[in-house]
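The block underneath contains the structure these notes are about, expressed in structure tokens.
The values are calculated or read from the model by the stated rules, or taken from the named source; none is laboratory data. Here the structure is a predicted model, which means the values were calculated and not measured. FYI the Cβ positions are ideal-geometry reconstructions off the backbone, even for glycines, and counts take in every protein chain you see.
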Amino acid sequence: MTAVEILFRYAAPPTEAATSALAKAREVYGICQLNFDSATCTLRVEYDATRLNAAAVAKLIRQAGLEIEAELPLIPPPPSPEQTPAA
């Protein structure tokens with residue numbers, strides 16, 4: 001098994017129907033874990049990369065009824081030179 005994580009930003013909080021469908025998505029062979037962060041409107045999905053790829057995971061999430069705005073990097077980009085304080 002090759003565990004991989006992917007992070008999605010969603011547009012609106014999941015409805016009850018979407019939450020129920022996402023709970024069933026955990027039964028899909030290869031989906032390991034789903035973690036919502038309502039403060040940042042993100043969903044982190046851990047999946048087995050030997051069974052699924054990022055496109056298949058995104059499709060599964062969309063089919064469950066969650067509107068995905070963007071796929072986000074797991075590691076934030078470094079600050080730009082304008083944001084770095086001068087020494």
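Can residue 32 be described as surrounded by 13 or more Cβ atoms within 10 Å (Cβ to Cβ), of a type in the set (A, V, I, L, M, F, W, C) and on the phi > 0 side of the Ramachandran plot?
No, not satisfied.
Kindly establish whether residue 25 is in contact with a strand residue (DSSP E or B) (Cβ under 7 Å, 6 or more places away or on another chain) and modelled with pLDDT of 95 or more.
Values: in contact with a strand residue (DSSP E or B) (Cβ under 7 Å, 6 or more places away or on another chain): yes; modelled with pLDDT of 95 or more: no.
No; evaluated as a whole, the condition is false for this residue.
Condition first: touching a residue at least 12 places away in the same chain (Cβ under 8 Å) and loosely packed, with under 11 Cβ neighbours inside 10 Å. Now tell me which residues in the stretch 1-23 satisfy that.
Hits for the stretch 1-23 are 1, 2, 11, 12, 17.
Please specify each residue of the stretch 35-51 satisfying the condition of being at pLDDT 95 or above and over 19 Å from residue 73 (Cβ atoms).
Passing the criteria: 48, 50, 51.
Quick check on my filter: what residues within the stretch 31-51 are touching a residue at least 24 places away in the same chain (Cβ under 8 Å), closer than 22 Å to residue 1 by Cα and not basic (Lys, Arg)?
Within the stretch 31-51, 31, 32, 43, 45, 46, 47, 48, 49, 50 qualify.
This table checks each residue for (1) touching a helix residue (DSSP H, G or I) at 6+ places or on another chain (Cβ under 6 Å); (2) part of a strand (DSSP E or B).
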residue	(1), (2)
43	no, yes
51	no, no
58	no, no
65	yes, no
69	no, yes
76	no, no
79	no, no
82	no, no
